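Inspection log for the structure reproduced underneath, given as structure tokens.
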Amino acid sequence: MKLYESAATPSCRRVSIFLKLIGAEVERVQVDLKGGENITPEFQNKSASGTVPALELDDGTYISESVAICRYLDHIVPNQANLFGAPGLQSAQVEMWHRIVEFQGLIAGFQAFRNITGFYSDRENCVSEWGEESKGRAVAFLTKLDNRLAHSTYLAGDELSVADITGFLFINLMKGAFKVDIDEQYSHIQVWHNKLGAMPEFQ
Ligand SMILES: N[C@@H](CCC(=O)N[C@@H](CS)C(=O)NCC(=O)O)C(=O)O
């Protein structure tokens with residue numbers, strides 16, 4: 001197996017953290033996003049979404065989308081991490097919080113980053129107003145996240161799950177790209193984020 005990635009990006013870090021938590025490792029191939037390597041026909045043939053990460057299996061099959069990759073790895077690597085939750089209520093709660101944090105947090109953050117910085121202006125029309133609106137939505141979501149974490153140790157309940165990985169990367173984006181002061185304003189996010197950040201798998 002080979003993982004095509006751009007190691008520092010949130011979507012690739014999601015798979016890296018997941019791999020560490022299930023105690024596995026795979027061969028890596030770095031893809032130069034800024035240089036446009038992922039928009040070449042060669043890479044587009046590998047990744048259905050045209051983005052990193054993409055996992056190449058030994059039989060030549062490719063899986064793109066970080067959550068799909070995590071699900072596959074969880075299936076093939078025997079582990080007790082239970083990051084997608086036990087079948088039934090727990091997995092439904094993991095799925096619910098994962099989708100909430102992804103759709104309302106991370107995707108808004110991505111849209112803000114892409115449209116404000118123009119990082120991918122060689123391949124898409126960047127609309128700064130949409131970037132600012134998305135940033136506002138991502139910031140507004142922090143209140144919902146903080147309220148949830150006031151009542152729950154982890155996002156989906158008492159156990160660490162894939163939703164926490166995504167939430168952690170969303171907060172890193174808000175702190176890193178937009179200098180949002182989490183520590184001052186969102187005390188429950190701060191406690192949870194510090195706890196995850198102290199785990200070796202999240203570093
Ligand atoms: N939903 C996708 C998002 C993947 C994604 O947006 N990857 C970014 C890096 S974080 C990328 O490859 N960007 C290059 C581009 O948009 O051209 C996933 O979870 O894998």
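The values are calculated or read from the model by the stated rules, or taken from the named source; none is laboratory data. As the structure is a prediction and not an experimental result, all values here were calculated from the model. Cβ atoms come from the backbone with ideal geometry, glycine included; neighbour counts cover every protein chain shown.
What the table below lists for this structure:
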read-out: Residue count, region 119-175 (criterion: of a type in the set (D, E, K, R) and either loosely packed, with under 15 Cβ neighbours inside 10 Å or modelled with pLDDT under 95 (or both)); value: 8
read-out: Residue among Asn172, Asn194, Asn147 that is touching a His at 6+ places or on another chain (Cβ under 9 Å) and farther than 30 Å from Lys34 by Cβ; value: Asn147
read-out: Leading residue by the ranking (nearest to Ser187 (Cα to Cα)) among those in region 131-143 that are touching a residue at least 12 places away in the same chain (Cβ under 8 Å) and over 18 Å from the mean Cα position of the chain (by Cα); value: Thr143
read-out: Residue in region 103-111 that is buried (at least 20 other Cβ atoms within 10 Å of the Cβ), assigned by TED's automatic domain parsing to the domain that holds Glu159 and near the ligand (Cβ under 9 Å from one of its atoms) present; value: yes
read-out: Residues located in region 112-162, provided they are within 16 Å of the ligand (Cβ to nearest atom), in a helix (DSSP H, G or I) and not aromatic (Phe, Trp, Tyr); value: Ala112, Arg114, Asn115, Ile116, Thr117, Gly131, Ser134, Ala138, Val162
